[in-house]
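Since the structure comes first, as structure tokens, the remarks are kept for the end.
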Amino acid sequence: MRLNRPLSALAGAALALTLAAGPLHAAVELYVTDYLAPQVKTIRPLGGSPTNVARLFAAPGEYEPVSFAVRPDARVEQMFIAPTDLTGPKGRIPKENIRIQSVESYHGGDRDILMDLGGPWDMPAYRRGLFWVTVHVPDSAPAGRYQGQAVVTGKGKPLARLTLELETLPIKLEEPPFALGYNYSSPKDAEALAAHLADMRAHGMTTVAPLYNFHLPIYDADTSELGEFIEAYRRAGFTQPIYFGSPMQLISRLAGYGPVDSARFQQKFLAVMRRLHAEERRHDTPLLFSIADELTNKGRPGIEQGALLARLCFEELPEIAVTADMNGWLEVTTLAPWLNVATFNNGWDGIDHHNHGRRLINREFILNLQRRTDAIPWFVNAGSGRFPFGFFFWKIAKYGVRGKVEWYYNLGDNERGSLVRAEGKTVWPTLAYERSREGVDDLKYLVTLERLLAKARRSGRAAAAARRAEGLLARIADGIQDNWTAYAEGGETFPGDGFDVMAPSQAAGLSRYQALRRAVADAIVDLQKALPGPANR
Amino acid sequence: MKAFALLALLAAMPLFAGGDVKPPVRWSADRAAQVRRDLDRMKRAGLISERQYRRKCAMLEQRLAGTFKPAALSHTNPPELNFIQNGGFEQINRNSARNRSRWLWWGGWSWGGDYENSWENRPEYVHSGKYSARIRCLGKPGRIGISTPKLPVLPGVKKYQFSVWAKGEGENQLFLNFEAGARGSLRKKIGPKWEQVVLEGEAEPGAREFTLYIYATGRGTIWLDDARLAPVGNIKKPSLRRSSCD
């Protein structure tokens, strides 16, 4: 039936009145979740029991997340969630330092993203929303307890609250002495570049690995984009050398000049590398040039090409620090003698199965590599997330690994594989990206404790606290397999079953992972107290 | 570790250069001093191990004395100028997807249709060597292609000739196309006897690179072998050695 316009308007108004009579502001279920758990609608409360009190601890300067789920039992119009200041006896952390974001679809799983809430929205009854709160503790925040809230409102009226209980620790976290970073594509925009570099730095990265979309001086001598990148990198405060990935494209980009063993290819290759190096010399930031990209994917012929190119660099370009992104045992062992740094992932058999099941990210291989060659081991594409960047890297770095570069900050037009969604200067992080920052923070806690321990040993003081710290570090190290295959292909998890370093009463309200970090933090505080001198507090 | 024995072998002999004996090259004192400064900088940055630092310094000494014999630097080029490597499709990648390139050096992509790329070793379907490339339509036609990497436009050279030996079955359709910096295309059905298909492409004004695509767009099967791509005309060796900015 088609109504005429006045009748239609009347019917619409009546319908609206009828529907509006339904409950708008009923009970809202809200509970803290584990941010390392899959962020799906069926997510369970952290620790099994629902609570709306989030217990956080962090050092000054640290970004610390907590996740929570919200589900109303009736429709909520104009829902919104906003933070309050965090206040305590010793000070205030302003609400501007608290970011509330919702989990939204992107590439699925840990590649879904966190987006700022923007404006209020209408929430259907029984729909579960997943959110993260990230607190950025100011560098100047005094140690102590702070409390505040994230308040859920409907049409401006409070409906539910997440209580944030933050303990700011009397700790200054140390920068890890490793190169940690992501592959990166040039945005061709100075402001976006600065924003991206600042974002990576705020996520604990100490290097960047420029790869795609950077100009290579093949048909001209223009190296200005590299120079501008180096300066932006320096301004952003990165502390380690740049992992310059773009030259790995030269094998393909110069393919028309001839095979790698031809004079034509080699002369062109050397000319391009020298131009890039000349730009490096104009700045005060060292570069590590990657010259090859996973040649195990090309079988033995590819590895022979790579070996020749690596040796060509060693002999003709000794002034350039050179590595290669490698993904197989034969490739690494063949190229490494000619490389400054051997960068590899866990490896695979290769297209012609020449590696016979050998894997690379394990204690035996890493030590053997350094016994047999001069190359310094780094990792590439060895996993993003909390464990690969944190406890696992800390353990395996004890065998000589000095860096880790991961795939990929901003791949193409926000393609699968990207760790953020970038639009100009705006960046939305994926869950994997945020969890990687937590891994780097774990690493910072561990490094800070180790440095303090070394100081205690040198000074001969605080012996009891040092023994306790040593015992804790040894226990954690023992709980980590020296072999990435156990985790990547063997079903091993960390922390493993029964691996706990805190009494259950102390660990209440913390995930098992956070309890582990808390134990390290407590050991730092313990040791600081036992060591004399203001520098240790 | 057996691979370390292999790398010792690789270290001992030039891999591709056919046993060329290179004359010793003496480096100037200035060059050696600059390299030494770079090595010291590398060391401060943690980018070189102590052992490699010593190895490179020892090499520098030999460079200065004129006694160092480079093993990797090539002084020769292939006898025939051909932009294409693996033009005979002899180096195959058995671990690749059937709708992507199955061959080293070549790229590949599918734009729909039901096709299978594969290597062929039946002698009557191989023009030379052990293998040819086979592109077979298994159902619905669409477009599948294999491509060269980006190839250089040589200074002053506009025209480039691509040739490939081809053999076909069924209602096939071969589509050759110069792209991304050059123009020129050819579409034809390939008959059951081996024939050499030739296409000339012309570089676009100002272009520095181009790509050549070999597509199959029809039904049936096409076999390809012995591909070649070279500049047209008399190319003097120096102009090839020296690219647009060398």
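Key figures
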item	result
Order of A:Glu450, A:Glu331, B:Glu80, A:Glu104 under a 10 Å beta carbon neighbour criterion, fewest first	B:Glu80, A:Glu104, A:Glu450, A:Glu331
Among the listed pairs A:Lys188/B:Lys159; B:Lys130/B:Lys158; A:Lys188/B:Lys150, those beyond 27 Å (Cα-Cα)	A:Lys188/B:Lys159; B:Lys130/B:Lys158
Rg/Rh for segment A:21-168, where both radii come from Cα atoms and Rh is the Kirkwood radius	0.97
Calculated [θ] (222 nm, deg cm²/dmol) that DSSP helices of n ≥ 4 give over chain A, each run adding -39,500 (n - 2.57)	-10500 deg cm²/dmol
Partners for B:Lys140 among lysines (Cα-Cα distance below 20 Å; same-chain residues under 8 apart left out)	B:Lys188, B:Lys189
Using a Förster distance of 51 Å, the FRET efficiency for A:Thr239-B:Lys159 (Cβ separation, nearest 0.05)	0.45
Neighbourhood net charge (14 Å Cβ-Cβ; Lys/Arg +1, Asp/Glu -1) for B:Phe210	+1
Shape of segment A:179-442, Cα gyration tensor, a/c cut at 1.5	oblate
Debye, to nearest 20: dipole size of chain A, +1 on Lys, Arg Cβ, -1 on Asp, Glu Cβ	1400 debye
Set of lysines with alpha-carbon distance to A:Lys157 below 27 Å, sequence-local pairs under 8 removed	A:Lys41, A:Lys95
Residue-averaged beta-carbon neighbours from other chains (10 angstrom radius) around A:249-255	4
Whole-number percent relative contact order across chain A, with pairs defined as alpha carbons under 8 Å at least 6 apart	12 percent
Between segment A:404-456 and segment A:229-308, the alpha-carbon center distance in angstrom	25 Å
Listed peptides A:149-157, A:87-95, A:29-37 by packing density, highest first (mean Cβ within 10 Å)	A:29-37, A:149-157, A:87-95
Over chain A: Rg over Rh, Cα atoms, Kirkwood Rh	1.03
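Only the coordinates and a few stated rules stand behind these numbers; no lab work does. Because the structure is a prediction, the values reported are computed rather than measured. Note that we place each Cβ from the backbone using ideal geometry, even for glycine, and neighbour counts take in every protein chain shown.
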